[in-house]
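One structure below.
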Amino acid sequence: MSKLSVKTNATFPKSICASEHAKLIGTTDGLFPDFGHHSEREMGGLWMHPIKVLDGFWLRFFDQDADNVNTWIIADRYEIAPWGDRFEYMSNLGHTSVKIVREQIAPDDAKGLVVTYRFANRSDRPRRVQAEFLARTELYPVWFTLDAKAREDGKDVGAWDENTLTFRAKDEKNPWHAAIRCGERPDRVQTGELFGPQKTSGQGTSVSMSYDKTIGGYGEWALTFYLTGSAVSESDAEDNLAALTGGKDFESEKKARFAEMTAQSALRVGDERFETIFDWVKVHCDWLTVNAGEYGRAIAAGLPEYPWWFGCDSCYTIQGLLCAGQYDLARQTLALLADYSARVNDGNGRIVHEITPYGLCPNPGNTQETAHFVTAVWHYWRWTGDEAFVLSLLPLLRKSMQWLDAMDADGDGFPSGYGIIEIAGLSAEMIDTAVYTAQAWGCFADFLALAGDVPGEEQAREKHAFCVNAVNTILWDEEAGLYCDACASPEFVRSCRENILFRRGDSRNEAAGAAFDAMVEKKAALGSGETGFIINKNWIQNTPMEAGIAPEDKAAAALSNMHTPDYIGPWGMYLNVLRQDQTMTISTGAMAVAQARYGYADRALELLDRMCATFGMVGPGQFAEMSPDYGCVVQAWTAYALFTPVVRHMLGIQPDAAKGEVVIRPCLPQRWRDVTLSRVRVLDGEITVHIRREGEKTCVNVSGTPGLRVRIIYEENESVQTLA
């Protein structure tokens, strides 16, 4: 993959250098300002979960043979690649002929970071230079650890070891360690309360290493530092240092892995930018993988603010991971959610909302997440054929469906509780929960069929049919041609009036308040108790189509009514139509899935084009959580938003482990005339799908692992073949 670069500017986007063990978050000018709202002012720097290790590091440079200011350097160009990043320094160095480049990589097989400064003298005269490298520790736990009183943060105490050229620091109250080793002996070392160009907060300590060097004419000098830490022990930090300094070619190793990763599900549609973005989202999934040792390994929600594990986010993301061939990460994420949910919720089947890399749970789970988890396991099974894993989860899945049933106290098929849209006070029967529960009953029936539980399967299929019918009757508003946000009584909706109007931005709008009251009274006049309400026109109105449980006529009406400027803005689908002030990749992606699933591929591609137009706006190689350029700079569920509509619905690749075959039912947008998706992992093999249009004729060709059974369904034609 090509590198992406940017000239730094006043906005200073976030920079990322990541492995599953280490996440370095700074800014593209090469600095490390305090920022963050979860752990206030602490979300940047070097994280090695479950702890933060460093606030950052800085370099001061002085050329004694030039009209040069002795200054902390600031980058004026930033370049990012999947395997590492690079900073160029020139503009604030005065008249020196020395150019400075900083390169950094978070290796795959060594925990920590390798940082190299390269000094190049571009004149024929020697240069006497001074360089000072300063790093500041901040041994600090991931968010919620202190709030939960699981740990108490202490002051960092450090010391320089002249024999090993290593600075080591420890948190006074915890077994947290930082270690920094230099590749060349410094001329001077200082430790203690030292700061570079930024005075960061916290209880850290610092080390300064200074060098006097003469760089010959057209000569070069490289200065390397190894940064690591441990949440476990000093000896563990030493092991990490040994791995970092072992002389391995980390860059070549990482490049080879990324090349293999992007070669899977490699898309060619004749649109180079779209193809490039498709590959970069695979890279984001890699950056977002968090390995916190004893606390687990799984894909996190987003960087820099959400580097931990979520139920909702993961259940979307896993569908994207499967399309990209990342089976192991999908399985580990499901296993982690299952394990923590069983522990946190006493084995009652409820699936957690979020888990930090210190194994703590701030929220035991919103209702929709339990149903969503069941469907995520189903998708995993359908793609991988991993029956053993599914059957190992079956006891939990049984309890999950029992828990959802218990949350449906009135037996209408709609469990109560918060859904994806957490509107304060609106702990009602939300459409996303209702839809995903209906979907989950169908998935659960398939699991029971796999297990040979015939009576249980029949009951689950009856429940599935009942819940699907309830969604399509109670939650369908024929007059509006839309699905409702929620099912509730008029009395309940009245009780939430102020919260709802505030959420809509209408708390001071008398006309909006009057319209809201009239809507409630109209529903109350029906005299049918609980009924469907269109309260906020949130993006979750599309979930019946996204999940595929809407009948064709209702889907056609709703998808047409939602593909309008009321719902769709410049960057994709609004989160809330009545406000039209926020867009996310998940809202846009879910609508793209819905449109593509029902055959509206051109609409789906238009949505993805709007979403992809935001790629790089928050920073090079990045896709903002909030479109176009706000929130986390990479977000896991963007993998669902991009991969699922393209792979599963436009290319139509739908493995079916239960039948031992791969169904291919393409529905291409008109713009795509010659499409190839190469090396798609399916079941226990791979396939490559090539679709070419010539006038009115369309050819679908499938090749891949011998023995795979493929069913191709296109327009009125259907054929079955076993790959040779």
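The values are calculated or read from the model by the stated rules, or taken from the named source; none is laboratory data. Bear in mind that the values here come from a model prediction, so they are computed numbers and not experimental data. No Cβ is skipped: glycine too gets one built from the backbone with ideal geometry, and neighbour counts run over all protein chains shown.
Tell me which residues, restricted to the stretch 375-419, are among the aromatic types (Phe, Trp, Tyr), over 22 Å from the mean Cα position of the chain (by Cα) and closer than 19 Å to His464 by Cβ.
Within the stretch 375-419, Trp403, Phe414 meet the criteria.
Cβ-Cβ below 8 Å, separation at least six or inter-chain, first residue in the stretch 236-248 and under 16 Å from Lys170 (Cα atoms), second of a type in the set (Lys, Arg) and crowded, with 18+ Cβ neighbours inside 10 Å: which pairs?
Within 8 Å, the pairs are Ala237/Arg168; Asn240/Lys111; Leu241/Arg181.
What are the pairs, 6+ residues apart or on separate chains, where a residue within the stretch 514-526 that is free of Cβ contacts under 8 Å to residues at least 60 places away in the same chain has its Cβ under 7 Å from a residue that is assigned to a helix (DSSP H, G or I)?
Phe516/Arg497; Phe516/Leu501; Val520/Pro490; Val520/Val493; Val520/Arg494; Lys523/Pro490; Ala524/Pro490
Suppose we filter the stretch 491-513 for residues that are in a helix (DSSP H, G or I), crowded, with 17+ Cβ neighbours inside 10 Å and touching a residue at least 40 places away in the same chain (Cβ under 8 Å); how many remain?
Qualifying residue count, the stretch 491-513: 5.
Could you tell me whether Gly599 is touching a residue at least 60 places away in the same chain (Cβ under 8 Å), touching a Lys or Arg at 6+ places or on another chain (Cβ under 7 Å) and part of a loop (DSSP other than H, G, I, E, B)?
Here the answer is no, as Gly599 does not meet what is asked.
Within the bounds of the stretch 538-553, is there any residue that is under 34 Å from the mean Cα position of the chain (by Cα), charged (D, E, K, R) and buried (at least 20 other Cβ atoms within 10 Å of the Cβ)?
yes
Out of curiosity, is Asp609 outside any strand (DSSP E or B), in the same structural domain as Glu546 (by TED's automatic domain parsing) and within 16 Å of Leu267 (Cβ to Cβ)?
So Asp609 fits the description; yes.
For the subset of the stretch 650-665 comprising residues that are buried (at least 21 other Cβ atoms within 10 Å of the Cβ) and in contact with a Gly (Cβ under 6 Å, 6 or more places away or on another chain), which member is nearest to Leu450 (Cα to Cα)?
My answer is Ala657.
For the stretch 554-575, which residues satisfy the criterion of being polar (S, T, N, Q) and under 29 Å from the mean Cα position of the chain (by Cα)?
Thr564
Could you list, in sequence order, all residues of the stretch 322-349 that are without any contact (Cβ under 8 Å) to a residue 40 or more places away in the chain, among the charged types (D, E, K, R) and under 14 Å from Asp386 (Cα atoms)?
Asp328
Of Thr317, Thr262, Thr245, which residue is under 23 Å from Tyr340 (Cβ atoms), among the hydroxyl-bearing types (Ser, Thr, Tyr) and at pLDDT 95 or above?
None of the other options fit; the residue is Thr317.
Which condition from (1) loosely packed, with under 14 Cβ neighbours inside 10 Å; (2) in contact with a strand residue (DSSP E or B) (Cβ under 7 Å, 6 or more places away or on another chain); (3) modelled with pLDDT under 95 is the one that Glu716 breaks?
In the conditions (1) loosely packed, with under 14 Cβ neighbours inside 10 Å; (2) in contact with a strand residue (DSSP E or B) (Cβ under 7 Å, 6 or more places away or on another chain); (3) modelled with pLDDT under 95, Glu716 misses (2) alone.
Taking the stretch 554-606 on its own, how many of its residues are touching a Leu at 6+ places or on another chain (Cβ under 7 Å) and not hydrophobic (A, V, I, L, M, F, W, C)?
10
Residue under question is Ser703, and the condition is that it be of a type in the set (S, T, N, Q), under 29 Å from Pro82 (Cα atoms) and touching a strand residue (DSSP E or B) at 6+ places or on another chain (Cβ under 9 Å); does it hold?
no
Given the residues Val377, Val390, which is the only one that is touching a Cys at 6+ places or on another chain (Cβ under 8 Å) and buried (at least 20 other Cβ atoms within 10 Å of the Cβ)?
Within the list Val377, Val390, the selection yields Val377.
Scan the stretch 462-482 and give yes if some residue there is among the aromatic types (Phe, Trp, Tyr), modelled with pLDDT of 90 or more, part of a helix (DSSP H, G or I) and surrounded by fewer than 22 Cβ atoms within 10 Å (Cβ to Cβ), otherwise no.
So far as the stretch 462-482 goes, yes, one or more of its residues are among the aromatic types (Phe, Trp, Tyr), modelled with pLDDT of 90 or more, part of a helix (DSSP H, G or I) and surrounded by fewer than 22 Cβ atoms within 10 Å (Cβ to Cβ).
Does at least one position in the stretch 93-110 carry a residue that is hydrophobic (A, V, I, L, M, F, W, C), within 17 Å of Thr224 (Cβ to Cβ) and without any contact (Cβ under 8 Å) to a residue 24 or more places away in the chain?
Yes, the conditions are met somewhere in the stretch 93-110.
Filter the stretch 143-177 down to residues that are assigned to a strand (DSSP E or B) and surrounded by 14 or more Cβ atoms within 10 Å (Cβ to Cβ), then give me how many there are.
Total satisfying the criteria: 11.
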